[in-house]
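Novice: Take a look at the following structure, please.
The values are calculated or read from the model by the stated rules, or taken from the named source; none is laboratory data. Owing to the predicted nature of the structure, the values given are computational and were not obtained by experimental measurement. For neighbour counting, all protein chains shown are included, and Cβ atoms are generated from backbone atoms with ideal geometry for every residue, glycine included. The area values use the complete protein model at the heavy-atom level, side chains included, leaving out ligands, DNA and RNA. Shrake-Rupley method; radii C 1.70, N 1.55, O 1.52, S 1.80 Å.
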Amino acid sequence: MLASRSRTVSTRWSTWLSTVTPVSDAEGLTGLFFPHHSRAIGDPSRTTEELMSATAASSPPPHDGAAARSDPATDGNGVVIGPDGLARPAWASSDPLLREYYDTEWGMPVRDEQGLYERISLEAFQAGLSWATILRKRPAFRAAFDDFHPETVAAYTEEDVLRLLADPGIVRNRAKIKAAITNARATIQLREKSGLVDFVWSFQPADTPRPTRSSDIPTQSPESVALSKALRKEGFTFVGPTTMYALMEAIGIIDTHLIASHRRGSSGIWPR
């Protein structure tokens, strides 16, 4: 009986592994990793489609609590003081690309439809991968997806899907590519209501987290759960609660900059 159960578990494990796309050397990583962040494999709210298409990576999404806790340069306030004298979380302190993104983009309000659609799309492509990977590929993504112009992407055909699957500059995952097309069409449909921007921003909470270190930052909230459900009802895919929480952080709906960070309160929406 035990041997039979073991064979069943082994078969299921092999079947699951066959659905995971290994990270390629072209993406700067090798092999299959299991991220500790719940946004990838461990998020119980993720749909089967999202779980099967998630490609794991060695780095989690932006608020990397583990990295911040293990970085010897992190001070008592959970930040790293850079050579420029500015305080940042560990994840934004070493890689120049991530540092630039943190200092100029992350947490700043996005209130245009095309920009918001792009960010929803890239958050979906990032599921299971490091955000640094997506940032490095962002110029290629923009070129491949016509700058994420909703009308253009909504009109994509299977020929475009095949074109994108052959593009080494992006994350070549059929389910995620199809999701970007589906979400472009859903974005257009939302114009008959309030529009994507007002729809997403209507889930802004009454208060925002005040983390002193990265481990204080949650991975989802009641508002991100509600936003996820609402977007799915409107036809969007790859919009799980944890992915939506990351989106809310990235576009300024909430402010999860560490209290001691030089960027805390920079969005102008939340007080420092």
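Novice: I'm trying to understand the selection: among the residues of the stretch 217-251, which are open to solvent by 10 Å² or more (accessible area, probe 1.4 Å) and free of Cβ contacts under 8 Å to residues at least 40 places away in the same chain?
Specialist: Scanning the stretch 217-251 gives Pro218, Ser221, Pro222, Glu223, Ala226, Lys229, Ala230, Arg232, Lys233.
Novice: For the stretch 127-147, enumerate the residues that are in contact with a Lys or Arg (Cβ under 9 Å, 6 or more places away or on another chain) and in a loop (DSSP other than H, G, I, E, B).
Specialist: Answer for the stretch 127-147, where residues must be in contact with a Lys or Arg (Cβ under 9 Å, 6 or more places away or on another chain) and in a loop (DSSP other than H, G, I, E, B): Ala127, Gly128.
Novice: Take the stretch 252-272 and flag every residue that is surrounded by 21 or more Cβ atoms within 10 Å (Cβ to Cβ) and closer than 20 Å to Ser202 by Cβ.
Specialist: Gly252, Ile253, Ile254, Asp255, Thr256 - these are the residues of the stretch 252-272 that are surrounded by 21 or more Cβ atoms within 10 Å (Cβ to Cβ) and closer than 20 Å to Ser202 by Cβ.
Novice: Cβ-Cβ under 7 Å, sequence separation 6+ or interchain: first residue in the stretch 79-91 and closer than 19 Å to Gly107 by Cβ, partner open to solvent by less than 30 Å² (accessible area, probe 1.4 Å) and aromatic (Phe, Trp, Tyr). Which pairs?
Specialist: So the pair list comes out as Arg88/Tyr102.
Novice: Could you pull out every one of the helices (runs of 4 or more DSSP H) wholly within the stretch 148-210 that has 2 or more residues that are of a type in the set (Val, Ile, Thr) and either surrounded by 15 or more Cβ atoms within 10 Å (Cβ to Cβ) or modelled with pLDDT of 95 or more (or both)?
Specialist: 150-154, 174-190, 196-201
Novice: On to the next question. Only one of Gly169, Gly115 is over 30 Å from Gly268 (Cα atoms) and under 20 Å from the mean Cα position of the chain (by Cα); which?
Specialist: None of the other options fit; the residue is Gly169.
Novice: Output the number of residues of the stretch 104-113 satisfying the condition of being surrounded by 16 or more Cβ atoms within 10 Å (Cβ to Cβ) and assigned to a helix (DSSP H, G or I).
Specialist: 1
Novice: Please work out if Ala140 is without any contact (Cβ under 8 Å) to a residue 60 or more places away in the chain, open to solvent by 40 Å² or more (accessible area, probe 1.4 Å) and either of a type in the set (A, V, I, L, M) or over 15 Å from Glu249 (Cα atoms) (or both).
Specialist: no
Novice: Within the bounds of the stretch 118-127, is there any residue that is among the hydroxyl-bearing types (Ser, Thr, Tyr), closer than 23 Å to Ser228 by Cα and buried (at least 16 other Cβ atoms within 10 Å of the Cβ)?
Specialist: There is at least one residue in the stretch 118-127 that is among the hydroxyl-bearing types (Ser, Thr, Tyr), closer than 23 Å to Ser228 by Cα and buried (at least 16 other Cβ atoms within 10 Å of the Cβ).
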